[in-house]
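Below you'll find the structure, written out as structure tokens, and then a few comments.
The values are calculated or read from the model by the stated rules, or taken from the named source; none is laboratory data. Remember, it's a predicted structure, so these values are computed and weren't measured experimentally. Glycine gets a Cβ as well: all are built from the backbone with ideal geometry, and neighbour counts include every protein chain shown. Note: areas computed on protein heavy atoms with side chains; ligands, DNA, RNA excluded. Shrake-Rupley method; radii C 1.70, N 1.55, O 1.52, S 1.80 Å.
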Amino acid sequence: NISAPGDDVASAYPGGLYTTASGTSMSAPLVSGTAALLLERQPDIAPERVLDVLETASGPLNLSDRSTSGLM
């Protein structure tokens, strides 16, 4: 139900460096980190409500949008 950017995402790298990487290993932390920030602000929120907030706050995914062709 939720997606996040996963192509050329900047990330910390050993030795105090930064790099970019791609894939679900880069996009999943963006979604889970957003959920964690929500839980920090509202520690008593129900899990179903977390999902509802994430889905409501995110924009629609339009797979027929030609401007995003090849990017998703």
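Within the range 5-24, restricting attention to residues that are of a type in the set (Ser, Thr, Tyr) and without any contact (Cβ under 8 Å) to a residue 12 or more places away in the chain, the residue that is farthest from residue 69 (Cα to Cα) is 13. Going through (1) surrounded by fewer than 12 Cβ atoms within 10 Å (Cβ to Cβ); (2) at pLDDT 90 or above; (3) assigned to a helix (DSSP H, G or I) one by one, residue 19 falls short only on (3). Does residue 2 qualify as being open to solvent by less than 80 Å² (accessible area, probe 1.4 Å), in contact (Cβ under 8 Å) with a residue 12 or more places away in the chain and part of a loop (DSSP other than H, G, I, E, B)? Taking the combined requirement at face value, the residue satisfies it. Within the range 28-49, residues that are hydrophobic (A, V, I, L, M, F, W, C) sit with their Cβ atoms under 8 Å from residues that are open to solvent by 70 Å² or more (accessible area, probe 1.4 Å) and assigned to a helix (DSSP H, G or I), at 6+ positions apart or across chains, in these pairs: 45/39. Would a scan of the range 28-39 turn up a residue that is of a type in the set (Ser, Thr, Tyr) and surrounded by 10 or more Cβ atoms within 10 Å (Cβ to Cβ)? Looking through the range 28-39, at least one residue is of a type in the set (Ser, Thr, Tyr) and surrounded by 10 or more Cβ atoms within 10 Å (Cβ to Cβ).
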